Structures are given as C-alpha cells and as structure tokens.
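One structure is given here, and the rest of the page talks about it.
Please treat every number below as a calculation from the coordinates, not as lab data. Given the structure is predicted, the values throughout are model-derived calculations rather than measurements. Here the Cβ is made from the backbone with ideal geometry for all residues, glycine too, and neighbour counts use every protein chain on show.
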Amino acid sequence: MARIREKVKTRPVDALVIIGGGASGLMAALAAAEAGVRPVILERMDRVGKKILATGNGRCNLTHLSADPSRYHGADPAFTAPALSRFGVTRTLELFEKMGLETKTEENGRVFPRTDQASAVLDVLRYETARLRAEELCLSEVRTIECADGVFRISLENGHVRFASTVVLAAGGRAAPALGSNGSGFQLARGLGHSVVEPFPAIVQLKLREASLRKLKGVKIQGRLDLTAGGGSLCSESGEILFTEYGLSGPPALKCARTVNNLLSGGRGPSVTLDCFPEKSAAECLALLESRRGSLGYKSASDGLVGLVHKRLIPVLLEKAMVDRDKPWKKFSDGELKRLNACLKSWTFEVIGTRSWLDAQVTAGGVATREIVPETLESKRVPGLFFAGEIMDVDGDSGGFNLQWAWSSGRLAGGAAAARILAAAEGN
C-alpha cells in the first residue's frame, strides 16, 4: 500500500475509470459524462461493444416492455428494483430516441432497432460518449486493482498503470468470451475483498442423451418443452425448437438452461419432454391420427405422416413408436396409434448438461449482491467502487431483459459514481 501512496504523488489520478466497454460500461460512461465527470473506459478487446453487435442475432433485442424484478434471477432478484425503477424501459427508450435510434416492438414485447441493426445501437452510444468527451482505451486489459487511502491503482496487462479516485467495474461475466467477457472481472472483485457466487452458463443450448440426434440435426419445429425433475414440471416454454447434433437449441431450450444447470449442480438429473403439437390436446392429436388411418389407409406409415410432421422426424418417430415404416396405415392397431401419439405429444429426453461458456449468452452468478448497495450499486466493502451489468449476481430471462439490466445498472452506477466525485470536489 505504501507503493500506491508513493506512486500517486507523481502520477495523475483519473476521477473515474470504468473497467469494461460493454453495454453497462458505455451506459455508465454516458451517465457520468452527462453529470460533468469525464470517464476513462478501459476495454480489453480491440473495440468496445462487441457483445452488443452479436445480441439478437445481430439485430440487438435492446429491451423488453415487461422488464421488472420478476424477470430476473440470482440470490436476491429484488436487488434489481432500484435500478429498474430509476431507469426502466420507458426512460431507456426515451434516451435512445434522443440519441437518434428509432425502435420497434415485436411480439411478446421485445424491442429492436427499427433498422434491425445492432450496430445502430452501438453507434449512437459511441457518438454520444465521444461528444461528451468520454475516453476509450482499447486493448487495455486490467490485471489487478489495489486500493489505499481512497485511491485505486489499476495495473494493466500491457504494463501501464492508472490511478483513479472512483471505479465502475463493468467487466461482464464469462459468457461468450470471444466477445470480451472472460471472467477476469470476478478475480478483480475478489482481489478487492468481494465474494463471488459461482458462475454458470445461462441462456445456452441443452445437451441431451439421444442416439438419433445426428439424424435430426437442423430440423426445426414449433413445439413446447417441459423440463422436469423428480416428477414435477420446473420450466415450460413454447416456440421454435431446433435439433442439433448435441441436443436442442431455440428460445424454449435456451430459456430452460438456467434451471438445468441449477439442477445438475445440485445432483438432480432433469429431463425434457417435447410436445410437437402444443396447439392440440393429446385426445385431439390421437383423433387426428385415427382420421388419417381412415382417409390415408392406403399409404405406408412413413408416407402417411408426410404433411403432418417434419419429413426428417418421421423415421425417428416411427422407430420410437415401434411401428414398421412400411406398414399400411389401415393396419395400424389402436395400440400403435397411441404409442405414436405419445411420441408426438410427450417425447422425453434425458438432459446431460448445457453447452459451454463459448455458446452461452449470459452468465448466472457473479459478485454477491448482498455486498452492494442497491440504491447506488456502490460496494459496501470498498468506498468508491461501483458495479454495473453482468458482473453481479443478476441474470434476466431471454428476450431483452439482460440488456435492460445493463442499461439500468450502468446508468445508476455511472450517475452515482459521478455524484460521489462531485460531492467530494465540493467538499474540498
């Protein structure tokens, strides 16, 4: 600590350093700059906002109209309430509109740029932070942070050292490390005395134990997934489901992933049941099969399912139902129809895990929120240290909720950090 005090005597001290140039870091910089504090953004990648460009398949689902604490997870979802109430969806959209971004609302309340370009979201943020003279320093990965006498010593991998009176730690989680989040922020937080809830991937594809997956790779259906463990349904989601060589993707699978990892970490083996006809009851689906037995009795089992289900699903479903694919429909027994109906309405798979951090969209777990003041996002352990975004033990549902948390928490942290700096300046 004596080394920090000695260095500070001869080196300039930045008022505010923001570690991480993602969505929350850029919003924190914007909030601070608007308040009159010029921030310095340290970004480990060669440019800021790379993860923004990848969200929503390049379209950027920047928020959801239903964003409230009930759509967030972690040890204390209510922790999100102050940030979401002070800078919620309405104020977020007003700010982006003020910066020149036109948006549109699609089904289920998801909000996208009108241009369907994620780059537009990043561009308006960067134009505004540049206008307000926020400084971006890319290829500036932070190795360590130390704090003594109210001054932070920030050591970079490139050998440079910066000093700051206030820090916003917005380094992200571990999801999608190729886009900038490699988990290094957790080590920085630990080094400053904070606890970290063990992170795990959320919003990620499911891995299944199923021999027929390679035959089904690329097949898409509109269906419903029910995640179960110990006989009870824990997650039920409908939408487009994609078969892959390892398991299932698509929004329903991604939305169940967080619960899957929670179950597996607790030693519980989950399974998922696929309903290929969620719009019909089991009785209605069986009646449909019986009708086809009457009207298409001259066709084989394989040909008789064409036009009803995806063609590549047919041989796999017939094998599961133990029906000869060449058997004429008119010779189907009631028992065979019921087995086929069961496959269509309740095809069950054993879930063995999820894909890795490389494929995950969001990190669950992170810096323990009990150690952070929810009204300002300042550390309870280190005065002058603030947190924003995915680094905290907060993760939202799929559909724009995680970006809304980035905007809300970044705005709150950046504004509170600036207020602290300005108050200290007035006191001097």
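So what's the convex hull volume per residue for the Cα atoms of segment 1-113, in Å³?
Per-residue hull volume (Cα only) is 166 Å³.
Do me a favour and compute the ellipsoid semi-axes for segment 205-355 from its Cα gyration tensor, root of five times each eigenvalue, largest one first, whole Å.
Each semi-axis is √(5λ); the values are 30, 15, 13 Å.
Once fully extended, how much extra length lies between Gln117 and Ala75, figured as 0.36 nm per residue of separation less the alpha-carbon to alpha-carbon distance?
Stretched out fully, the Gln117 to Ala75 stretch lengthens by 11.7 nm.
Test of understanding: what is the full-extension gain from Ala282 to Leu139, defined as 0.36 nm times their sequence separation minus their Cα-Cα distance?
Extra length from Ala282 to Leu139 when fully extended: 45.8 nm.
Give me the distance in nm between label points sitting 7 Å out from Cα along the Cα-to-Cβ direction at Thr105 and Ala148, one decimal.
Those two pseudo-labels are separated by 5.4 nm.
State which helices in the chain qualify, where a helix is a whole DSSP H run, it must extend 15 Å or more along its own axis by its Cα atoms, and its mean Kyte-Doolittle hydropathy must be at least -0.5.
Span-like helices in the chain: 23-34, 118-131, 251-265, 282-295, 401-427.
Quick check: the distance between the Cα centres of segment 23-49 and segment 73-112, to the nearest angstrom?
Value for the Cα centre distance between the two parts: 19 Å.
Evaluate the distance, in nm, between pseudo-label points positioned 7 Å from the Cα of Arg312 and of Ser155 along their respective Cα→Cβ axes.
Each label point lies 7 Å from its Cα, and together they span 5.2 nm.
Taking R0 as 60 Å, what FRET efficiency do you get between Ser300 and Arg86 from their Cβ-Cβ distance, rounded to the nearest 0.05?
Once the sixth-power term is evaluated, E becomes 0.40.
Given the pairs Lys50/Lys217; Lys220/Lys331; Lys217/Lys280; Lys215/Lys338; Lys217/Lys255; Lys104/Lys215, which are separated by over 27 angstrom at their Cα positions?
Lys50/Lys217; Lys220/Lys331; Lys104/Lys215
If each of Gln187 and Lys380 carries a label point 7 Å out from its Cα toward its Cβ, how far apart are those two points in nm?
In this crude spin-label approximation the distance works out to 2.7 nm.
Label segment 222-308 by shape, choosing from rounded, prolate and oblate, from the square roots a ≥ b ≥ c of the eigenvalues of the Cα gyration tensor; if a/c is under 1.5 it is rounded, and otherwise prolate applies when a/b is larger than b/c, oblate when it is not.
Since a/c reaches 1.5 and a/b is larger than b/c, the shape of segment 222-308 is classed as prolate.
Once every DSSP H run of n ≥ 4 in the chain is given -39500 (n - 2.57) and the sum is divided by its residues, what mean residue ellipticity at 222 nm do you get, rounded to the nearest 500 deg cm²/dmol?
-10000 deg cm²/dmol
Place the peptides 174-185, 64-75, 213-224 in order of packing, highest mean first, counting for every residue the other Cβ atoms within 10 Å and averaging per peptide. Intermediate results must be reported in sequence, preceding the final value.
Details: 174-185: 21.5, 64-75: 18.2, 213-224: 15.4.
Averaged packing, sorted descending, gives the order 174-185, 64-75, 213-224.
Under 19 Å from a point 7 Å along the Cα-to-Cβ line of Leu422: which residues of segment 131-167 have their amide N that close?
Counting backbone N atoms under 19 Å from the label point, the list is 131-135, 165-167.
Segment 388-428 to segment 134-202: how many Å between their Cα centroids?
15 Å
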